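Q: This is the structure I have questions about; it appears just below.
Readers should treat all values here as calculations from the given coordinates under stated rules, not as data from a laboratory. As the structure is a computational prediction, the values presented were derived from the model and not from experiment. All Cβ positions, even for glycine, are placed from backbone atoms using ideal geometry, and neighbour counts span all protein chains on display.
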Amino acid sequence: MIRYTLVCEAEHGFESWFPSSDSFDAQAARGLVSCPVCGSVRVSKSMMAPSVARTDRGPRTLPAPVGTPAEAGASPAGPPATPQLALTEPEQRLRALMRAMREEVTRNADDVGARFPEEARRIHYGETETRAIYGQASLEEARALVDEGIAVAPLPPASDDRH
């Protein structure tokens, strides 16, 4: 397996694993490699240093470049990036539609947060003005709303939820 550092046309950097260089080239040509930030399929390999494991001695520690957080005693930036799955074109279109749906709802509806079940009932029974709302409800609360004849639907996850 080869880990590539990749960059999209919007200059978002990320990493992904491929069985071979040819595999990356074939997947990229088919539009199956996409940026996890913006969804762009215009992705290319970024400059990277090879990682060669040595077996003749223990792990080697390299000094941090001047001006880096390690020099100032700070901790590393965090865990290494998680390999990203290559999405097919239909999966990419579906994610784009779900992202657009979420944006439309959050732009045009009131976020009532944890009061969602109560507010949905108040609207359904005419106790308050009819309007579009969204918020949080447990599975049990959502089932109870449906049992009462109140139409509810889950909101697609935000793009940064990584589901």
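Q: P(r) for region 85-127, please, calculated from all Cα pair distances in 10 Å bins and given in %.
A: 24, 31, 24, 17, 4
Q: Would you please classify the overall shape of region 113-154 from the alpha carbon gyration tensor, given that a ≥ b ≥ c denote the square roots of the eigenvalues, rounded means a/c under 1.5, and beyond that prolate means a/b larger than b/c while oblate covers the rest? Show your work: numbers first, answer last.
A: Details: a/c = 1.86, a/b = 1.30, b/c = 1.43.
Oblate, since a/c reaches 1.5 and b/c is not below a/b.
Q: Once label points are set 7 Å from the Cα along Cα→Cβ at both Ile2 and Gln136, what is their separation, rounded to one decimal in nm?
A: 4.5 nm
Q: Under the Karplus relation 6.51 cos²θ - 1.76 cosθ + 1.60, θ = phi - 60°, what is the ordered set of whole-Hz ³J(HN,Hα) values for region 120-127, x standing for Gly and Pro?
A: Rounded to whole hertz, the list is 4, 5, 4, 5, 4, 8, x, 7.
Q: Run the numbers for Ala29 and His12: contour at 0.36 nm per residue of separation, minus the present Cα-Cα distance, in nm.
A: Working: separation 17, 0.36 × 17 = 6.12 nm, distance 1.88 nm.
Result for the pair: 4.2 nm of gain on full extension.
Q: Tell me the net charge near Thr88. Cut-off is 11 Å between Cβ atoms, Thr88 excluded, with +1 for each Lys or Arg and -1 for each Asp or Glu.
A: Details: positive: Arg30, Arg93, Arg95; negative: Glu89, Glu91.
Cβ neighbours under 11 Å give a net charge of +1.
Q: First select every other residue whose beta carbon is under 14 angstrom from the beta carbon of Pro19; then total the charges, Lys and Arg +1, Asp and Glu -1.
A: On the way: positive: Arg3; negative: Asp22, Asp25.
After counting each charged neighbour, the total is -1.
Q: Highest mean first, what order results for 29-35, 131-137, 152-158 on Cβ atoms within 10 Å? Please report the intermediate quantities before stating the final value.
A: Values: 29-35: 18.1, 131-137: 15.9, 152-158: 13.6.
Packing proxy ranking, top to bottom: 29-35, 131-137, 152-158.
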